[in-house]
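Asks: Below you will find the structure I want to go over with you.
The values are calculated or read from the model by the stated rules, or taken from the named source; none is laboratory data. As the structure is a computational prediction, the values presented were derived from the model and not from experiment. The accessibility values were calculated without ligands, DNA or RNA, using every heavy atom of the protein model including side chains. Shrake-Rupley method; radii C 1.70, N 1.55, O 1.52, S 1.80 Å.
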Amino acid sequence: MTLHSWLEARRLEDPEALGFGWATVDLERSLTQTGRPAAEWLPVGEPLLGARGATTTVEGRTVVVLEPATEGRLAGWLARNGEGPAVRYRDGDGSEDPDARREMTALGRTGRLVPPTDPRDEFTILVDPTELSDGATSAPDGRGRPGGPAPRPSVDG
């Protein structure tokens, strides 16, 4: 499966996912293969997987292309599986495991990692709801889906 065909297929599957992540060993090559202009991609980090990457929105869903930044989880996943679909971002309510490590995700909100039970499966990142100043939680479309990724500083320095 190529990254381009994967992008096309993801538009139709899993309507409840907030976004999808593709793992690669060469970020720049993979971004070029998408056929999307470079200006559409924003740099992001994904510390839960030890990765850096770029994100864009395709038909209201966030798409993240990730490459290892450390010898962490994504590097291990790539060694076992090769390039391909590696992560799904889903709504979490923030109460699944209050003691779990939470980090800012590539979607611009905090979340926690749910490792796959089978090392060939994708990771799941449960994204926390947005907290408003009055303590209530909300999301722009009522399902936790952000309007798109927030601009971030470059991950290259």
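Asks: Given a 1.4 angstrom probe, I'd like the percentage of the accessible area of segment 23-95 that is carbon and sulfur, rounded to a whole number.
Replies: 52 percent
Asks: For segment 13-60, just say rounded, prolate or oblate: build the C-alpha gyration tensor, square-root its eigenvalues into a ≥ b ≥ c, call rounded for a/c under 1.5, and beyond that prolate if a/b exceeds b/c, oblate if not.
Replies: oblate
Asks: Would you mind getting the accessible area per residue of segment 34-99, heavy atoms of the protein chains only, 1.4 Å probe, in Å²?
Replies: Result: 43 Å² of accessible area for each residue.
Asks: Provide the gained length on full extension for the span A100 to R36, in nm with one decimal, where the gain is 0.36 nm per separating residue minus the Cα-Cα distance.
Replies: Between A100 and R36, full extension yields 19.5 nm more.
Asks: So, taking all protein chains as they sit and a 1.4 Å probe, how much accessible area belongs to F123, in Å² rounded to tens?
Replies: Surface accessible to solvent at F123 totals approximately 10 Å².
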